[in-house]
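Asker: The structure follows.
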Amino acid sequence: MEPVEIAEDGVLLRPWQPEDAADVYRACQDPDIQRWTTVPRPYRAVDARRFVAELAPAAWAAGTGAPFAVCDATTGTLLGSCGLVSIHQGTGEVGYWTAPWARRRGVAVRATRAVARWAFDAVPLRRLIWQAELGNHASRLVALRAGFRVEGRLRLADPAPEGRPEGWIGSLSPEEVPAPGETGPAGPGTLPARRAAVFGRPQPVLFATSDDQELRLRAMEEDDLDAIEATCRDPETRRWTSLPTDYRRRDAESFLEYCRQAWAGGTAACYALADRQDRYVGTIDLRLSATDPLLADVGFMTAPYARGRGHQTAALAALCTWGFAVLGLARVEWRAGVGNVASRRVAEKVGFTVEGTARRALTHRGTRVDAWVGGLLAEDLA
């Protein structure tokens with residue numbers, strides 16, 4: 001396949017040249033590029049020279065890839081990398097990175113759209129795919145803005161060292177490529193963009209006050225596992241949940257991993273509730289609906305030694321406030337088995353309206369049971 005140049009929407013995509021090695025070497029020292037891509041670590045000057053002088057030309061010559069240097073169309077300054085990292089049987093896979101000095105200018109989005117148009121028209125391909133490690137929200141947002149449908153998750157064939165083994169996958173068809181300059185449903189200020197900014201950073205600490213005591217909602221840690229295990233073995237906790245009857249340390253470890261994966265995937269915010277001494281006093285989760293982006297539901301439990309002090313009421317109010325203000329939620333739902341008066345009291349104190357009883361809405365120890373259902377809107381917060 002013969003190398004080509006593409007000029008579109010303020011960027012010039014051209015084949016890599018030996019004189020690009022210095023800029024590639026400088027860009028690939030960036031921690032984010034090393035964290036989320038497959039570049040060698042540490043990245044040496046010899047790696048940059050080999051990429052521009054050997055690997056990139058070889059991909060073009062063999063027809064297995066189409067790597068482009070992304071440059072400013074006016075100045076020629078190197079802005080990033082974009083292209084097809086593989087081509088096979090009518091399908092190409094897109095890969096990209098943006099140099100640190102060129103970020104927040106839509107470089108990767110514009111370049112990916114240009115590559116997609118060229119690939120469908122000139123190669124020609126019938127489909128493009130995109131993959132990224134779970135948690136790489138910046139790459140996901142680029143893919144969405146370039147028109148990709150992010151359709152699910154898959155286990156990665158070659159996960160990054162110390163990275164997660166699971167990733168997102170998306171696809172793009174010829175008719176789905178947005179026109180140059182088109183904002184699309186994932187443009188700046190949209191809900192996907194806002195959430196990518198939230199979940200793409202470390203989990204924030206939230207604060208609440210209960211009985212003049214400041215509480216912190218923070219990410220769960222290994223030091224919490226013993227207290228979580230003890231709380232989940234408590235008879236009152238087991239009475240109202242479907243946790244394993246013989247709850248063990250390995251179950252707590254699995255819960256911790258679920259919480260970390262949920263934040264990385266942007267599907268839930270799971271918090272440990274800690275007192276002034278940073279002692280674990282409970283957990284609380286805000287889980288986003290898989291079908292309605294403006295809906296979430298909550299779940300919580302309190303350590304036996306911390307009950308009756310208003311901790312969960314304060315925590316629930318803080319977490320729901322954050323959900324409405326930061327995640328842009330329209331409604332938060334609460335459910336509890338009929339008879340769980342303690343949970344209902346917490347929800348009502350925060351402002352939830354108990355809207356009725358849903359028959360056989362929950363599974364409890366293998367049996368379908370009735371549940372109270374409540375809803376909270378932003379204006380309901382007490």
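The values are calculated or read from the model by the stated rules, or taken from the named source; none is laboratory data. Source: prediction; values computed, not measured. When we count neighbours, we look across all protein chains shown, and the Cβ atoms used for this are built from the backbone with ideal geometry, even at glycine. Accessible surface is based on the protein model in full, side chains and every heavy atom, while ligands, DNA and RNA are left aside. Shrake-Rupley method; radii C 1.70, N 1.55, O 1.52, S 1.80 Å.
Asker: Using a 1.4 Å probe on the protein chains only, how many percent of the accessible area of the stretch 86-167 belongs to carbon and sulfur?
Answerer: 46 percent
Asker: In a GNM of the chain with a 10 Å cut-off on Cα contacts, which of Ala358, Ala114, Ala274 has the highest mean-square fluctuation?
Answerer: Maximum fluctuation in the GNM of the chain, among the listed residues, is at Ala358.
Asker: Here's a follow-up. Restricting to DSSP H runs of at least four residues, report the calculated mean residue ellipticity at 222 nm for the chain, -39500 (n - 2.57) per run over all residues, nearest 500 deg cm²/dmol.
Answerer: -9000 deg cm²/dmol
Asker: Search the structure for amide H atoms under 5 Å from the amide H of Val281, placed 1.01 Å from N in the peptide plane, and list their residues when 5 or more places away or on another chain.
Answerer: Answer set, sorted by chain and number: Leu273, Ala274, Asp275.
Asker: Tell me the relative contact order for the stretch 249-382 as a rounded percent, counting alpha carbon contacts under 8 Å between residues six or more apart.
Answerer: Contact order relative to length: 17 percent.
Asker: Pull up all non-local amide H partners of Leu156: gap of 5 or more, or a different chain, and H-to-H distance under 5 Å with H placed in the peptide plane.
Answerer: For Leu156, whose amide H was placed from the backbone, the distant partners under 5 Å are Glu166, Gly167.
Asker: Taking θ as phi - 60°, what are the ³J(HN,Hα) couplings along the stretch 229-243 by the Karplus curve (6.51, -1.76, 1.60), each to the nearest whole Hz, with x for Gly and Pro?
Answerer: Those phi angles translate into 4, 5, 5, 6, 8, 5, x, 5, 5, 5, 4, 10, 10, 10, 5 Hz.
Asker: Okay, moving on. Nearest-5 percent of antiparallel DSSP beta bridges in the chain?
Answerer: Antiparallel bridges make up about 90 percent of those DSSP assigns within the chain.
Asker: Still on this structure, please answer the following. Compute the length gained on full extension between Ala179 and Ala325: take 0.36 nm times their separation in residues and subtract their Cα-Cα distance, giving the result in nm to one decimal.
Answerer: Length gained between Ala179 and Ala325: 49.3 nm.
Asker: Pick out which of Ala116, Ala143, Ala58 has the largest mean-square fluctuation in a Gaussian network model of the chain, springs linking Cα atoms closer than 10 Å.
Answerer: Looking only at Ala116, Ala143, Ala58, the largest GNM fluctuation is found for Ala58.
Asker: For the stretch 75-81, take each phi angle, set θ = phi - 60°, evaluate the Karplus expression 6.51 cos²θ - 1.76 cosθ + 1.60, and give the result in whole Hz per residue in order, putting x for glycine and proline.
Answerer: Values per residue, Gly and Pro as x: 9, x, 5, 5, 10, x, 10 Hz.
Asker: From the phi angles alone, apply the Karplus equation (6.51, -1.76, 1.60; θ = phi - 60°) to the stretch 138-152 and give each ³J(HN,Hα) in whole Hz, x where the residue is Gly or Pro.
Answerer: 5, 5, 4, 5, 4, 4, 4, 5, 7, x, 5, 9, 7, 9, x
Asker: Sticking with this one: Considering the chain, which cysteines have no disulfide-compatible partner, defined as another cysteine with its Cβ under 4.7 Å away?
Answerer: When partners are defined as cysteine Cβ atoms under 4.7 Å apart, the chain leaves Cys28, Cys71, Cys82, Cys232, Cys320 without one.
Asker: Now for a separate question. With a probe of 1.4 Å, find how much accessible area the stretch 31-126 has per residue, and write the answer as a whole number in Å².
Answerer: 47 Å²
Asker: Follow-up question, since we're still on this one. Report the far tail of the P(r) of the chain, meaning the percent of Cα-Cα pairs longer than 31 Å.
Answerer: Here the tail beyond 31 Å accounts for 46 percent of pairs.
Asker: Using alpha carbons only, what's the Rg to Rh ratio of the stretch 148-215 with Rh from Kirkwood?
Answerer: Over the Cα atoms of the stretch 148-215, Rg/Rh equals 1.16.
Asker: With a sphere of radius 9 Å drawn around the Cβ of Thr91, what net charge do the other residues whose Cβ falls strictly inside it have (Lys, Arg +1; Asp, Glu -1)?
Answerer: So the environment of Thr91 carries a net charge of +1.
Asker: Would you please give the residues with an amide H less than 5 Å from that of Ser289, counting only those at least 5 places away or on a separate chain, with H modeled from the backbone geometry?
Answerer: It is Leu295, Ala296, Asp297, by chain and number.
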